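The values are calculated or read from the model by the stated rules, or taken from the named source; none is laboratory data. Keep in mind that what you see is a predicted model, and the values were worked out from it rather than measured. Here the Cβ is made from the backbone with ideal geometry for all residues, glycine too, and neighbour counts use every protein chain on show.
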Number of protein chains: 2
Amino acid sequence: MAKQDRAIRTRRTILEAAASVFEKQGYQAATITEILKTAGVTKGALYFHFQSKEDLAAGVLSEQEPGQGVPPQPTKLQELVDVGMLLAYRLRTDPLVRASVRLTLDHQAHGLDRRGPFLRWSEANQRFLDAAARQGELLPHVNPRATADLYVGAFAGLQMMSQTLSDYEDLAERLSVLQHHLMPSIAMPAVLASLDLAPDRADRIAETAAAS
Amino acid sequence: MAKQDRAIRTRRTILEAAASVFEKQGYQAATITEILKTAGVTKGALYFHFQSKEDLAAGVLSEQEPGQGVPPQPTKLQELVDVGMLLAYRLRTDPLVRASVRLTLDHQAHGLDRRGPFLRWSEANQRFLDAAARQGELLPHVNPRATADLYVGAFAGLQMMSQTLSDYEDLAERLSVLQHHLMPSIAMPAVLASLDLAPDRADRIAETAAAS
């Protein structure tokens, strides 16, 4: 294995350990010592990649960066749907993404700027909606900024409710209900009729994203 | 002051102290000793009202019981809107309600059944939507159960985003955006046109509720 590959794998191991300790103990109570023990790496290796607990948290938070690897679709609104569906899939299957979202919503995480993910998701959604507007996909009254924010807030709550009630099993179903309620208020009728909002879109889009 | 009034006030004092300690330290780290110190009551007084930390948490959680004191309106959908608006007002102004909602969303609160508030809110919303259906207010395809759940999840996330970005200052505005997006998908056109979904509905409905 090349040196660089090893470094990438070590970084990933450390991030996964940090994620698991943040999950178990909460950000506030977590310690670097505990993260070292869980990761099974040397102090030197950890500090080569991360300078502090805040830095580790920032690394975990960046694992939910918006819009990673969503395949292009005929409409921008379908891509907006797919970003949510793909995140639903990753929340169910990737512990690091899961930890990242929970960290964003951990109000005991003092000293950590938890506004970042809200703002970045909102900006990402707005880019999709602005592009949708340029392509004539949106009803004329839509305010992309307000709708983008609404998607972020609603998603944050639905994933939390889903996690509490079913450990994410029903998240794709809940997202589908959200889309069926929101899209008629923002999409032009012809676009609306073309959208795939089914819950199993999550698995299908994840397969396509993985294959590409 | 009658004996009973004093007991009610003491109970309230203890709950407010518990709420403030849960807020500051998180549920997991909070101790009865700290709550006693904050409340300034005797151990005997506390244990007369609450048997354990779990019991105190249950008391705080019950402070967001749905549908408290919303004045009757011409349509059930307006009442559904008003329940959300009133909760937005109370989140901004009542520390006990604020602590209750945060406790529901504190995933470090192991051993606490946090599903209760989600399920109770969902049932309450469903009662409004079932009544709305009986009065012919809903579009024919609406599934009251799915829509009720969606409102709970979306609200949970919007209040969290609002708390993170503006300490609840913009919550009524965010709720108004939610209603403007959801109501066209569920309300009959004549009902839709009659709804008051403005952000300042929150303050107005709180004044009416307080006066009644």
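For the list (1) in contact (Cβ under 8 Å) with a residue 60 or more places away in the chain; (2) over 29 Å from B:Ala209 (Cα atoms); (3) of a type outside the set (D, E, K, R), I need the number of the one condition that B:Val41 fails.
(1)
Out of A:Ala132, A:Ala156, I need the residue that is at pLDDT below 95, assigned by TED's automatic domain parsing to the domain that holds A:Asp106 and crowded, with 21+ Cβ neighbours inside 10 Å. Which one? Spell out the reasoning first.
Numbers: A:Ala132 fails: at pLDDT below 95.
Of the residues listed, the single one that is at pLDDT below 95, assigned by TED's automatic domain parsing to the domain that holds A:Asp106 and crowded, with 21+ Cβ neighbours inside 10 Å is A:Ala156.
Looking at this structure, is B:Leu112 of a type outside the set (Phe, Trp, Tyr), part of a loop (DSSP other than H, G, I, E, B), more than 8 Å from chain A (Cβ to nearest Cβ) and farther than 26 Å from A:Ser122 by Cα? Give the derivation first.
On the way: of a type outside the set (Phe, Trp, Tyr): yes; part of a loop (DSSP other than H, G, I, E, B): yes; more than 8 Å from chain A (Cβ to nearest Cβ): yes; farther than 26 Å from A:Ser122 by Cα: yes.
Yes; evaluated as a whole, the condition is true for this residue.
For every residue, the table says whether it meets (1) within 14 Å of chain B (Cβ to nearest Cβ); (2) at pLDDT below 90.
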{"position": "A:Lys3", "(1), (2)": "no, yes"}
{"position": "A:Arg6", "(1), (2)": "no, yes"}
{"position": "A:Ala19", "(1), (2)": "yes, no"}
{"position": "A:Gln28", "(1), (2)": "yes, yes"}
{"position": "A:Glu34", "(1), (2)": "no, no"}
{"position": "A:Tyr47", "(1), (2)": "no, no"}
{"position": "A:Lys53", "(1), (2)": "no, no"}
{"position": "A:Leu56", "(1), (2)": "no, no"}
{"position": "A:Gln64", "(1), (2)": "no, yes"}
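How many residues does the stretch B:167-207 hold that are free of Cβ contacts under 8 Å to residues at least 24 places away in the same chain, under 21 Å from A:Thr147 (Cβ atoms) and more than 10 Å from chain A (Cβ to nearest Cβ)? Write out each step before concluding.
Taking the stretch B:167-207 and keeping what is free of Cβ contacts under 8 Å to residues at least 24 places away in the same chain, we get B:167, B:170, B:174, B:177, B:180-181, B:184, B:189-190, B:192-193, B:198, B:204, B:207.
Filter again for under 21 Å from A:Thr147 (Cβ atoms), leaving B:170, B:174, B:177, B:180-181, B:184, B:192, B:198.
So of that shortlist, the ones also more than 10 Å from chain A (Cβ to nearest Cβ) come out as B:192, B:198.
Of the residues in the stretch B:167-207, 2 are free of Cβ contacts under 8 Å to residues at least 24 places away in the same chain, under 21 Å from A:Thr147 (Cβ atoms) and more than 10 Å from chain A (Cβ to nearest Cβ).
State the number of residues belonging to the stretch B:136-162 that are within 16 Å of the chain's Cα centre (by Cα) and free of Cβ contacts under 8 Å to residues at least 40 places away in the same chain. Full working, then the answer.
The initial filter retains those residues of the stretch B:136-162 that are within 16 Å of the chain's Cα centre (by Cα), namely B:148-162.
Then keep just the ones that are free of Cβ contacts under 8 Å to residues at least 40 places away in the same chain; that gives B:148-150, B:152-154, B:157-158, B:161-162.
Number of matching residues: 10.
When you check B:Leu195 against the structure, is it touching a Lys or Arg at 6+ places or on another chain (Cβ under 8 Å), surrounded by fewer than 24 Cβ atoms within 10 Å (Cβ to Cβ) and within 21 Å of A:Leu178 (Cβ to Cβ), yes or no?
Details: touching a Lys or Arg at 6+ places or on another chain (Cβ under 8 Å): no; surrounded by fewer than 24 Cβ atoms within 10 Å (Cβ to Cβ): yes; within 21 Å of A:Leu178 (Cβ to Cβ): yes.
When the stated conditions are applied, B:Leu195 does not pass them.
Which ranges mark the helices (runs of 4 or more DSSP H) fully within the stretch B:171-212 that have 2 or more residues being modelled with pLDDT of 95 or more and under 17 Å from B:Leu129 (Cβ atoms)?
Working: elements: B:171-186, B:189-194, B:201-211.
Answer list for the stretch B:171-212: B:171-186, B:189-194.
Does the stretch A:120-131 contain at least one residue that is out of contact with any Lys or Arg (no Cβ under 8 Å at 6 or more places or on another chain), among the aromatic types (Phe, Trp, Tyr) and at the interface with chain B (Cβ under 7 Å from one of its Cβ atoms)?
no
Out of the residues in the stretch A:136-164 that are among the small types (Gly, Ala, Ser) and either outside any helix (DSSP H, G or I) or more than 9 Å from chain B (Cβ to nearest Cβ) (or both), which is nearest to B:Ala154 (Cα to Cα)?
Start the filter on the stretch A:136-164 by keeping residues that are among the small types (Gly, Ala, Ser), which leaves A:136, A:146, A:148, A:153-154, A:156-157, A:162.
After this cut, where a residue has to be either outside any helix (DSSP H, G or I) or more than 9 Å from chain B (Cβ to nearest Cβ) (or both) as well, the list is A:136, A:148.
Details: A:Gly136: 27, A:Ala148: 13 Å.
My answer is A:Ala148.
So is B:Ala88 away from every other protein chain (no Cβ under 12 Å), surrounded by fewer than 19 Cβ atoms within 10 Å (Cβ to Cβ) and more than 21 Å from A:Gln163 (Cα to Cα) or not? Explain how you work it out, then say what you get.
On the way: away from every other protein chain (no Cβ under 12 Å): yes; surrounded by fewer than 19 Cβ atoms within 10 Å (Cβ to Cβ): no; more than 21 Å from A:Gln163 (Cα to Cα): yes.
For B:Ala88, the condition - away from every other protein chain (no Cβ under 12 Å), surrounded by fewer than 19 Cβ atoms within 10 Å (Cβ to Cβ) and more than 21 Å from A:Gln163 (Cα to Cα) - is not met.
Return yes when A:Tyr151 is aromatic (Phe, Trp, Tyr) and farther than 17 Å from B:Pro184 by Cα and no when it is not.
No: the conditions fail for A:Tyr151.
Could you pull out the residue among A:Arg127, A:Arg98 that is touching a helix residue (DSSP H, G or I) at 6+ places or on another chain (Cβ under 8 Å), of a type in the set (D, E, K, R) and assigned by TED's automatic domain parsing to the domain that holds A:Met188?
Unique residue meeting the criteria: A:Arg98.
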